[in-house]
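First comes the structure, then the notes that go with it.
The values are calculated or read from the model by the stated rules, or taken from the named source; none is laboratory data. Note that the structure is a prediction, hence the values are computed from the model and not measured. In this analysis, Cβ positions are derived from the backbone assuming ideal geometry, glycine residues included, and neighbour counts consider all displayed protein chains.
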Amino acid sequence: MIEYGKYHFPFEEKFMEEIGFAEVKDHKKKHKDFVQKMDHIALQMHQGDNVLNSEILKVIENWILDHILKEDQKFIEHFVRSEQGAETMTRLKT
Ligand SMILES: [Fe+2]
């Protein structure tokens with residue numbers, strides 16, 4: 001999950017910049033906060049601290065429900081509504 005974020009987020013952030021998504025700065029901060037949260041959990045586990053599976057699952061669940069299903073949809077909608085998105089959609093349909 002941590003590695004996924006570290007490789008996927010830069011790609012997603014560059015995409016948002018290229019399509020002119022206005023909320024990119026705030027979105028980047030959410031990515032950064034998530035990576036820090038997961039790094040903190042990984043460090044705790046590495047140090048032998050007791051991290052409840054339920055805590056980890058809660059972080060991941062929140063990420064999926066609040067970020068992937070809500071925040072990521074905003075830039076996807078922006079892309080689809082944009083001229084660039086319309087061209088891409090037309091090209092994919094033909
Ligand atoms: Fe995102």
State which residue pairs qualify: first residue modelled with pLDDT under 80 and assigned to a helix (DSSP H, G or I) and inside the stretch 77-94, second residue exposed (fewer than 12 other Cβ atoms within 10 Å of the Cβ) and of a type in the set (Phe, Trp, Tyr) in any location, beta carbons under 8 Å apart, and separation of 6 or more residues or different chains.
none
Looking at the stretch 45-58 only, could you name the residues that are charged (D, E, K, R) and surrounded by 11 or more Cβ atoms within 10 Å (Cβ to Cβ)?
Glu55, Lys58
Out of all the residues in the stretch 31-44, is one or more of a type outside the set (S, T, N, Q), surrounded by fewer than 15 Cβ atoms within 10 Å (Cβ to Cβ) and part of a loop (DSSP other than H, G, I, E, B)?
no
Matching residues in the stretch 42-94 - criterion: being of a type in the set (A, V, I, L, M) and more than 17 Å from Phe9 (Cβ to Cβ):
Leu43, Met45, Val51, Leu52, Ile56, Leu57, Leu65, Val80, Ala86, Met89, Leu92
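Anything in the stretch 3-30 that is hydrophobic (A, V, I, L, M, F, W, C), more than 13 Å from the ligand (Cβ to nearest atom) and surrounded by fewer than 13 Cβ atoms within 10 Å (Cβ to Cβ)? List them, or say none.
Let us first name the residues in the stretch 3-30 that are hydrophobic (A, V, I, L, M, F, W, C), namely 9, 11, 15-16, 19, 21-22, 24.
If we keep only those that are more than 13 Å from the ligand (Cβ to nearest atom) too, we end up with 19, 22.
Result: Ala22, single match.
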Just to be sure before I move on: is Val35 under 30 Å from Ser82 (Cβ atoms) and either touching a Ser or Thr at 6+ places or on another chain (Cβ under 6 Å) or aliphatic (A, V, I, L, M) (or both) in the structure I sent?
yes
